[in-house]
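Read the structure below first, then the notes.
Bear in mind these aren't lab numbers, they're just calculated from the coordinates by the rules spelled out. Treat the numbers as computed from the prediction; the structure is a model and nothing was measured. Methodologically, a virtual Cβ is constructed for each residue, glycine included, from the backbone with ideal geometry; neighbour enumeration extends over all protein chains shown.
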Amino acid sequence: MTDPNVRPAYLSAAATALVLLGESALSPAWDAPAAVSGFTLGALAGHLARGGIWAVEEYLDGPAPGPEAELWDAATYYAFIPLESDSPIWGAVRDRAQELAKLGGSSVVEQAGGALERLAERITKAPPDATIAVIEGIPMLLDEFLRTRLVELLVHSDDLAVSLGITTPTFSADAVAVVTHLATDISRRRAGDLAVLRAQFRPERQASPVLRAL
């Protein structure tokens, strides 16, 4: 998917999330349980910083995928992830988040801010067909990966704000559009087109909810 709004939407959303990570109420509650099961506030903050910001720089610095590799789009990336919270994938995510929490609030904000400052130039200057290798070497266009990062930024910023008992940040209309469109694409992959169509327009014909993307 080529969308000229994705890169500025990502950079804007990341800057908004960075402000939230610097919220004064976060450090005193760093070890308290978050609104997301299995996470402390510190772990959730670390997960937001890494998943939303650090990961982009990490993969940009990594080896490029092979020229013959089949590109994944953002919906394929997320549809591959199981919904069950007890899956090994989610267990690994929680474990890594707890490790990140050990960095402490000031370090998380400092590292995220430095990464975002560097990314602002790198993302802006990257060619439209820039390609990176992500988890397990999966090849993706940079813009497709940024669509997944917008999900991380918006969803986990809401998680963190709710956990702190403060107002969830307002993100740009472009950022919300990317995330909501991607959520529909993921649901179509998981449940099929007819199920999604009915869930949105004829929910009485659905035996169970199908619009959960993650």
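What to note about this one:
- Working value for segment 6-205: equivalent-ellipsoid semi-axes of 26, 23, 17 Å, each the square root of 5 times a Cα gyration tensor eigenvalue, largest first.
- Dipole of segment 6-205 [Lys/Arg +1, Asp/Glu -1 at C-beta], most positive-end residue of SER157, THR16, GLY192: GLY192
- Of the peptides 88-98, 11-21, the ranking by mean beta-carbon count within 10 Å, highest at the top, reads 11-21, 88-98.
- Assuming charge only on the beta carbon of Lys and Arg (+1) and of Asp and Glu (-1), the dipole of the chain about its Cα centre is about 520 debye to the nearest 20.
- Seen from LEU41, the other residues with C-beta closer than 11 Å to its C-beta sum to a net charge of -3, counting Lys and Arg as +1 and Asp and Glu as -1.
- Expressed in units of 2.2 N^0.38 Å, where N is the residue count, the Cα radius of gyration of segment 54-169 is 1.16.
- Here the sum of -39500 (n - 2.57) over DSSP H runs of 4 or more residues, divided by the residues of the chain, equals -18500 deg cm²/dmol at 222 nm, to the nearest 500.
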